[in-house]
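Note sheet for the following structure.
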Amino acid sequence: MVQILKKSIEVSGRLLTLETGRMAKQAGGAVFVSYGDTMVLAAATMSDTQRPGVDFFPLSVDYEEKMYAVGKIPGGFIKREGRPSEKAVLSSRIIDRPLRPLFPKSMRNDVQVITTVMSVDNDNAPDITAMIGASAALHISKIPFGGPIAGVIVGYVDGEFVLNPTVDQEEKSLMHLAVAGTADAVMMVEAGAKEMPEQLILDGIMYAHENIKLIVEFIEEFRAEALQMGLAKEKWQFVEEEIDPELVKKVKEIAAQPMKDLMYRCSQERLDKASREKLIDELNEDVQQQLAEEYPESVAQIGKVLYKIEKETMRSLIAKDKIRIDGRAINEVRPISCEVGILARAHGSSLFTRGQTQILNALTLGTVSQEQILDGLGVEDSKRYMHQYNFPPYSVGEARPMRSPGRREIGHGALAERALLAVIPSEEQFPYAMRLVSEAIESNGSTSMGSVCASTLSLMEAGVPISSPVSGCAMGLIKEGEDITILTDIQGMEDFLGDMDFKVAGTVHGITAIQMDIKIAGIDKEILTRALKQAKEGRDFILGKMLDVIAEPRQELSPYAPRIITIQINPDKIREVIGSGGKVIKKIIEVTGAGIDIEDDGRVFIASVDMAAGEKALEIINNIVAEPEVGKIYKGKVVKIMEFGAFVEIIPGVMGGGGKDGMVHISQLASNRVEKVTDVCQEGDMMWVKCIGVDTATGKVKLSRKDALREMGLNE
């Protein structure tokens, strides 16, 4: 008989349910989790043996979107889910980041976590549901894991925090704060906000953690019951590899003091990254040579000890002596250089340099029809503001194959995009699609925050009316016992050997984006408070340097950017502008050279680098959609003679579209009696007429020649 454990808890008024024993029973641990109508199957499995020849923990976390989850058939010819969407990649990252620090650091067994989204109710976020499922699946498996963790989303609506907001609440919310943590500490923060004060962000994180504790306790209870039923496994006790103590002692005797002296020298002389790495490599090579004869088979072990000495030395210098490897003060930002207008034909461009991190950013403006179409499980189906990030190998002095953007590149691009979203003008205010590309052409820490700054510069240089400029700064942490040191503007080595990477972006008014990753078992409110305060000082300093170069958006767009004219027409007239088979609109585009986009609600966007071409297209479209106005006088062409009157074209047809004529009854041709219409006019004649009525039911137009002449004071 199959045993099934199903357990529920209420979270923000909705049931969160974990189930195991029914599905995927051969996985190391499998949990079917549902939150409202959102349902995710999470499975975690570990290899029995260590992967040979690797010096990292081989964890993979995959977030699989299935289009059947929202009742859709995948687009394209294949009709099968292909490469993950950008949202799926970001969701994989948001699950991976709080899990990764909680595994044994020297473990080399492959661990794979797969979360498959099978049903989506957009009021209940599938990525957070998947994170909870992944945590529960790991927790009931034999995999050594320092969790469980849980995650929640916090919104801020009408002055109140909202836990796991619905779609309607999200639309009103001033922030989207995703937080993950254990029962003891916060592990990960991902936030987008509309210029929120630091204190409100901090309060939101603490509010999230209080609710996370309840879910973590629920997962613990779930595992305990699963163990009793035989549905969970006892944890495999991972034993850390021990290096010969005598070897460790000898390496330290040879390398410890020289490493400390080397780092002091780097700090005092403010050596750059390449010079530091060369000196460290030379020291490591010298130690290996000294021990090669005595320990010929221990190259890898010696390397591990040397790495540990390097890490401990750097951390000790910062924690105890407050000395950084490049000689900066703890709260000092590296030298900054900002330039704009770098690329001649880009619509906006900039070069942002901070120390040895350099971002070249380019902005392209396009019509709203060029916005990105999103084929995923979310509510949004498109976006007109896009930011993309590239990390070529030469940026860190390496030569390696070029690949399509990886998870890191997609994540960094999304973070910079989110940081500026709050200040991007609305479509009504600025009817353009915007694509920004950040090329990380040199890297030594926090290229994502460099991308935020470079994007701001490009937007302002292009003349995009952003509401406020945005800057970003990455904070680090060295925690040695009770000694806590917060670092401003961390570089690569401090990120790699430190305990936290805490990126904060915002304007002078408040925070617009946060991303926090840690490598220890969480941080508390005190550390967060200090980090946010120090980040604000760093952001303000960087922003000042940016504003010295360009203080506000340019008043004029680049001469190479399209000029967009927006008009609103009656939706019933759309078919006349388009014409049969698109003939009319194609002809307008051919004649004028302007680009034309028409929305279903009647909005028309005319785009052209040449303003005259845009205005010509506007004139043609206005003529097509023009309607006769009662009381208005027109100079029209007689197009048909009848016994009872003449038909006069008062609005000419254009390119096979539009055009309007009306009837001048014989009694309206002149003030005196007219015997025959041809006594007054012939086909092809031009005459002045006044619109005296429009039949709303039939659209027929009544015209008067005598009223027009009388009003104009002309003789008949």
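Bear in mind that the values in this text are calculations on the coordinates, not laboratory data. Quantities reported herein were computed from a predicted structural model and do not represent experimental measurements. Glycine also receives a Cβ, built like all others from the backbone with ideal geometry; neighbour counts cover every protein chain displayed.
So, with +1 on the Cβ of K and R and -1 on the Cβ of D and E, and no other charges, what is the size of the charge dipole of segment 563-625 about its Cα centre, to the nearest 20 debye?
180
Quick one: Cα centre-to-centre distance for segment 221-249 and segment 446-466, in angstrom?
So the two Cα centres are separated by 47 Å.
What is the angle, in °, between the Cα long axis of helix 126-140 and the longest principal axis of the Cα atoms in the chain? Nearest 10 is fine, range 0 to 90.
Rounded to the nearest ten degrees, it is 20.
Can you give the local net charge around CYS453? Use residues other than it whose beta-carbon is closer than 10 angstrom to its beta-carbon, Lys and Arg +1, Asp and Glu -1.
Around CYS453, the surrounding residues sum to +3.
To the nearest 500 deg cm²/dmol, what mean residue ellipticity at 222 nm is calculated for the chain from DSSP H runs of n ≥ 4 alone, each contributing -39,500 (n - 2.57), summed and divided by the residues?
Here the helix-only value at 222 nm equals -11000 deg cm²/dmol.
Please identify every one of the chymotrypsin sites (Phe, Trp or Tyr not before Pro) in segment 70-157 that sits in a loop by DSSP and has no more than 16 other beta carbons within 10 Å of its own beta carbon.
Sites meeting the loop and neighbour criteria: PHE77.
Report the Cα centroid-to-centroid distance between segment 80-154 and segment 604-662 in angstrom, as an integer.
Measuring centre to centre over Cα atoms gives 61 Å.
Taking the Cα centroid of segment 16-34 and of segment 389-428, what is the distance between the two, rounded to the nearest whole Å?
About 35 Å separates the Cα centre of segment 16-34 from the one of segment 389-428.
Full extension from ASP272 to VAL54: what is 0.36 nm times the residue separation minus their Cα-Cα distance, to one decimal in nm?
Roughly 75.6 nm would be gained on extension.
Considering the options TYR35, CYS681, GLY498, tell which one lies farthest towards the positive end of the dipole of the chain, charges being +1 on Lys and Arg and -1 on Asp and Glu at the Cβ, about the Cα centre.
CYS681
Where in segment 37-58 is the amide nitrogen less than 16 Å from a point lying 7 Å along the Cα-to-Cβ axis of ILE4?
Counting backbone N atoms under 16 Å from the label point, the list is 39-42.
Based on Cβ point charges of +1 for Lys and Arg and -1 for Asp and Glu, what charge dipole magnitude is obtained for segment 311-439 about its Cα centre, in debye rounded to the nearest 20?
Dipole size: approximately 700 debye.
Give me the number: length gained by fully extending ALA551 to GLU221, i.e. 0.36 nm times residue separation minus the C-alpha to C-alpha distance, one decimal in nm.
Stretched fully, the ALA551-GLU221 segment lengthens by 113.2 nm.
For the modelled label position 7 Å from the Cα of VAL167 along Cα-to-Cβ, which residues of segment 595-629 have backbone nitrogen atoms closer than 14 Å?
Answer for segment 595-629: none.
Would you mind checking the pairs LYS573/LYS660; LYS87/LYS519; LYS105/LYS519; LYS213/LYS503 and listing those with alpha carbons more than 18 angstrom apart?
Result: LYS87/LYS519; LYS213/LYS503 exceed 18 Å.
Using a simple spin-label model with points 7 Å from Cα along the Cα→Cβ vector, what separation in nm is obtained for SER468 and TYR68?
Using points 7 Å along Cα→Cβ, the separation is 4.8 nm.
Extension gain GLU81-SER667, at 0.36 nm per residue separation less the Cα-Cα distance, in nm?
Here the answer is 203.8 nm.
Between ILE330 and LYS308, how many nm apart are label points set 7 Å from Cα along the C-beta direction?
In this crude spin-label approximation the distance works out to 2.8 nm.
Students often get this wrong, so try it: which of [x] 31.4; [y] 29.9; [z] 41.2 is mean projected area of the Cα convex hull in nm² as calculated from the structure shown?
[z]
Starting from the 7 Å offset along Cα-to-Cβ, what nm value, one decimal, do you get for the label separation of LYS635 and ASP286?
9.5
Which FRET efficiency value, to the nearest 0.05, is calculated for LYS586 and MET712 with the Förster distance at 30 angstrom and r the Cβ-Cβ distance?
Approximately 0.15, to the nearest 0.05.
Between helix 447-462 and the chain, what is the angle of the helix's C-alpha long axis to the longest principal axis, kept within 0 to 90° and rounded to the nearest 10?
Here the helix axis deviates by roughly 20 degrees.
Let's test the formula: R0 of 56 Å, r as the Cβ-Cβ distance of TYR264 and ALA612. What FRET efficiency results, to the nearest 0.05?
0.25
In segment 563-625, how does Rg compare with the Kirkwood Rh, expressed as the Rg/Rh ratio over alpha carbon atoms?
0.92
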